[in-house]
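Inspection log for the structure reproduced underneath, given as structure tokens.
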């Protein structure tokens, strides 16, 4: 149970609105766990329940078997970034972190350490109100790291970061996981989760859809499996495969084929003596699996997503 986040039948209701519905999952140390779901799925509410900012209507969520609100000096146990803009704009970054360190009995030396780690040393004496969104995100990450906690939660940590910042955060999360920490990251950026997460917790309308490895989840995108084919005569091969019932899309000579397996494509091409230079089966991506498996949980659906 070391450093684990455990939700058991976690439920939260606001009046007639059921935001989280009997949600059970475990977030383990030593890996990055992505937290995914459509808008309005209950992700932010769940994170606030973990941190004791909201009280469950039913069920429970604990860190190391203890409710977070029952822990004194919480920043030494769990670090979190929920809203980078939720900070006093009139304070400097140094003053903000120093106050938090004092209240959590964290050595003042940690303030300079985390400011250096997130690249804000030179901006430590500037007022936070003048920070860009990316700088505020870095400060929020510094706040989460301040107590050197074993458990870390991040809600949309990449908002406002430039490509260099995104790459840095990706490396930071991987390093924290290698150190044996529990890293729980909520994000809508599927491409980043595909490069960062080891495990996924996916919810929709407050209910659990999946809790498994990223590889296993992405592999469930069965309806969009395709085969990439390259040939010196794409027009002839397109005609042949279309006649056999496949759908073919030509992208500058690279054919993307759905509806036929790679073996059948090869057999058809050989039968017509059409040379094949590339034949690769593409498995489902994280984004495809997410769109497919959460289609019934989208709060505001367009015609394309219905």
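Remarks
- Among the candidates 143, 62, the residue that is in a helix (DSSP H, G or I) and surrounded by 14 or more Cβ atoms within 10 Å (Cβ to Cβ) is uniquely 143.
- Residue 265 vs. criteria modelled with pLDDT of 80 or more, surrounded by 13 or more Cβ atoms within 10 Å (Cβ to Cβ) and in the same structural domain as residue 192 (by TED's automatic domain parsing): no
- Residue in the range 168-181 that is under 19 Å from the mean Cα position of the chain (by Cα), outside any helix (DSSP H, G or I) and within 27 Å of residue 49 (Cβ to Cβ) present: yes
- Within the range 244-281, the set of residues being assigned to a helix (DSSP H, G or I) and either touching a residue at least 12 places away in the same chain (Cβ under 8 Å) or within 13 Å of residue 228 (Cα to Cα) (or both) comprises 262, 263, 264, 265, 266, 268, 269.
- Check on residue 74, touching a helix residue (DSSP H, G or I) at 6+ places or on another chain (Cβ under 8 Å), exposed (fewer than 15 other Cβ atoms within 10 Å of the Cβ), in the same structural domain as residue 148 (by TED's automatic domain parsing) and in contact (Cβ under 8 Å) with a residue 12 or more places away in the chain: no
- For the range 221-243, the set of residues classified as touching a helix residue (DSSP H, G or I) at 6+ places or on another chain (Cβ under 7 Å) and surrounded by 12 or more Cβ atoms within 10 Å (Cβ to Cβ) consists of 221, 224, 227, 229, 231, 237, 240, 241, listed by residue number.
- Boolean, residue 108 is crowded, with 20+ Cβ neighbours inside 10 Å and over 24 Å from residue 178 (Cβ atoms): no
- Selection status of residue 45, assigned to a helix (DSSP H, G or I), in the same structural domain as residue 151 (by TED's automatic domain parsing), at pLDDT 95 or above and in contact with a strand residue (DSSP E or B) (Cβ under 8 Å, 6 or more places away or on another chain): yes
- Residue check, residue 34 assigned by TED's automatic domain parsing to the domain that holds residue 105 and over 18 Å from residue 8 (Cα atoms): yes
- Unmet requirement for residue 156, which otherwise passes all of (1) surrounded by 17 or more Cβ atoms within 10 Å (Cβ to Cβ); (2) over 17 Å from the mean Cα position of the chain (by Cα): (2)
- Of the residues making up the range 86-113, those that are in contact with a helix residue (DSSP H, G or I) (Cβ under 6 Å, 6 or more places away or on another chain) and either outside the structural domain of residue 69 (by TED's automatic domain parsing) or closer than 30 Å to residue 42 by Cβ (or both) are 87, 89, 104.
- Filtered residue count, the range 155-176, keeping only those that are in contact with a strand residue (DSSP E or B) (Cβ under 7 Å, 6 or more places away or on another chain) and more than 10 Å from residue 137 (Cα to Cα): 4
- One residue from 210, 228 being in contact (Cβ under 8 Å) with a residue 40 or more places away in the chain and under 30 Å from residue 6 (Cβ atoms): 210
- Residue count for the range 32-56, restricted to those that are farther than 15 Å from residue 18 by Cα and under 14 Å from the mean Cα position of the chain (by Cα): 8
- In the range 99-138, the qualifying residues are those that are touching a strand residue (DSSP E or B) at 6+ places or on another chain (Cβ under 9 Å) and not in a loop (DSSP other than H, G, I, E, B), and the one that is nearest to residue 154 (Cα to Cα) is 137.
- Residue that is closer than 27 Å to residue 31 by Cβ, touching a strand residue (DSSP E or B) at 6+ places or on another chain (Cβ under 6 Å) and modelled with pLDDT under 95, where the choices are 246, 228, 210: 210
- Taking the conditions (1) within 24 Å of residue 210 (Cβ to Cβ); (2) modelled with pLDDT of 95 or more; (3) more than 24 Å from the chain's Cα centre (by Cα) in turn, residue 97 satisfies each one other than (1).
The values are calculated or read from the model by the stated rules, or taken from the named source; none is laboratory data. Quick caveat: nothing in here was measured; it's all calculated off a predicted structure. Every residue, glycine among them, receives a Cβ derived from its backbone with ideal geometry; neighbour counts consider all protein chains shown.
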